[in-house]
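Let me begin by presenting the structure, written as structure tokens, before commenting on it.
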Amino acid sequence: MQNADRESTTRAANWTNSFSGSLTALFLWVGGLILVAFATPVHAHKFNESYVYFDVTDDTLSGRIEATLTDLTRIQLGAPEVSTSLTEDEVRKSQEFFFEYFENRMKLLSDGQALQVEFDDISFFDSSVDTFAQLHFTVLDIEQTPTTIEMAYDGLFSDVDPTHRGYALIGSNTRNGMDENEAYISLIFAPGDGSKALYLNDEPVGDIARTFFVHGVWHIWLGFDHVLFLVTLLLGAVMRIENRHWVPSENIRESLLETVKIVTVFTIAHTITLCLATFEVITLPVTLVEAVIAFSIAAVAVGNLVPRFHASSWKVVFLFGIFHGFGFANVLEPLGLDPTRKALGLATFNIGVEVGQLAIVVVLFPIFFALRRLTAYRVVFLQFGSVALIAIAMFWFYERTIGWFPQFGDAVVMVTQ
């Protein structure tokens, strides 16, 4: 009878290990397939965005504002949604209206004095997003172009669509050899931003480092999906598995080592893909990345509920860390940098992410470790907490997947009716 029990236990353990290994292999295989199948180049222009390009020489300052025909239609009608867009001929006939609109919504100052902007021409180009109009302007009375100006821009924000975003770029600069820049963004404008300093020469290294470091810290703190992923990982870091059940870790050293291992694997994984995506070696669709990040929370939470799946957690953390890296890159990409400064921006942004991540660990780890022996911790935090995390994650996954596969959403609605 005892031999039969032992054989049964051995078979169960073998099946568990086999299933856990197969599950991990499946995650890795699917992840690799997705990386290959959906790798796409980055597109410079996107929906619901307008762009202000500046062309800089020693004694002239000119540029253009690029906006879609759809956005120009929304401006003319004062409506967030339109059924049909203006044609190029219709825009030309109304060009004085649009010139005046953007003159009132783009303010430039140098040494506290307003700079006069004059729009003088309009042209068009097609893109995969929409047809864009280019409204060309010249900054008047420039004798020697300043190295820095103050810029305010609120095109479409206040009167049409608060979700619209504006980007300022140095399109060309004869003083530092920059030519035909389409990707490296200097400033981002959102509602309530006010005026910002725009460098018309090379931006100081210290300012670049400080800006990207702050962006990294705040992104991890305000990126609730990244925070919940870390929380899900930390819940089990103060426990250990004994006879396929969670028991409290015996000492802080054991728990710290587990935490360091998890955070290190996560950091290595997301750093790899953050670098690859930033240098445009490989990129993935934003919606896909966001959906997988949501799923990652649920996958790790399942490991908290079923300890036998937790044995290979570092492999799962590494896999999903790859997608979190693409998520970080999606935030970093619009900030833009010229190629010579991209490495600095990437490094300081990643350091900011790690500092923000470390701050979360420093706050939560002592709390979880102090509570680990309580039954309430295992029941409320580890079990009910993981169930709640799965529910939140699957809700996000549903939202993000439906956005990517509308036909799947229609099928879900039909089944639930």
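The values are calculated or read from the model by the stated rules, or taken from the named source; none is laboratory data. Quantities reported herein were computed from a predicted structural model and do not represent experimental measurements. Please note: Cβ atoms are built from the backbone with ideal geometry, for glycine as well, and neighbour counts cover all protein chains shown.
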Take S158 and decide whether it is of a type in the set (G, A, S), out of contact with any Pro (no Cβ under 9 Å at 6 or more places or on another chain) and in the same structural domain as T57 (by TED's automatic domain parsing). no
Quick test for you: out of G236, G155, pick the one residue that is under 29 Å from the mean Cα position of the chain (by Cα), in contact (Cβ under 8 Å) with a residue 60 or more places away in the chain and within 30 Å of F98 (Cα to Cα). G155
One residue is enough: does segment 289-296 have a residue meeting the conditions over 16 Å from F397 (Cβ atoms) and either modelled with pLDDT of 75 or more or of a type in the set (V, I, T) (or both)? no
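Conditions tested, residue by residue: (1) modelled with pLDDT under 90; (2) of a type outside the set (A, V, I, L, M); (3) closer than 28 Å to T273 by Cα.
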| site | (1), (2), (3) |
| --- | --- |
| F27 | yes, yes, yes |
| G32 | yes, yes, yes |
| I65 | no, no, no |
| T68 | no, yes, no |
| P80 | yes, yes, no |
For segment 148-173, how many residues are surrounded by 18 or more Cβ atoms within 10 Å (Cβ to Cβ), hydrophobic (A, V, I, L, M, F, W, C) and within 20 Å of D207 (Cα to Cα)? 5
Just to be sure I understand, how many residues within segment 63-98 are assigned to a helix (DSSP H, G or I) and either under 30 Å from the mean Cα position of the chain (by Cα) or surrounded by fewer than 19 Cβ atoms within 10 Å (Cβ to Cβ) (or both)? 17
Could you tell me whether Y101 is assigned to a strand (DSSP E or B) and either in the same structural domain as F189 (by TED's automatic domain parsing) or acidic (D, E) (or both)? no
Filter segment 210-241 down to the residues that are among the charged types (D, E, K, R) and within 14 Å of L305 (Cα to Cα) and list them by number. R240
Restricting to segment 106-119, and then to whatever is crowded, with 17+ Cβ neighbours inside 10 Å and in contact with a Leu (Cβ under 8 Å, 6 or more places away or on another chain), can you tell me which residue is farthest from Y199 (Cα to Cα)? F119
Note on segment 111-130: residues at pLDDT 95 or above and hydroxyl-bearing (S, T, Y) are S123
Among residues of segment 213-250, those that are assigned to a helix (DSSP H, G or I) and either of a type in the set (S, T, Y) or not assigned by TED's automatic domain parsing to the domain that holds L374 (or both), counted: 1
Just a yes or no: is a residue in segment 332-345 part of a helix (DSSP H, G or I), surrounded by 14 or more Cβ atoms within 10 Å (Cβ to Cβ) and modelled with pLDDT of 85 or more? no
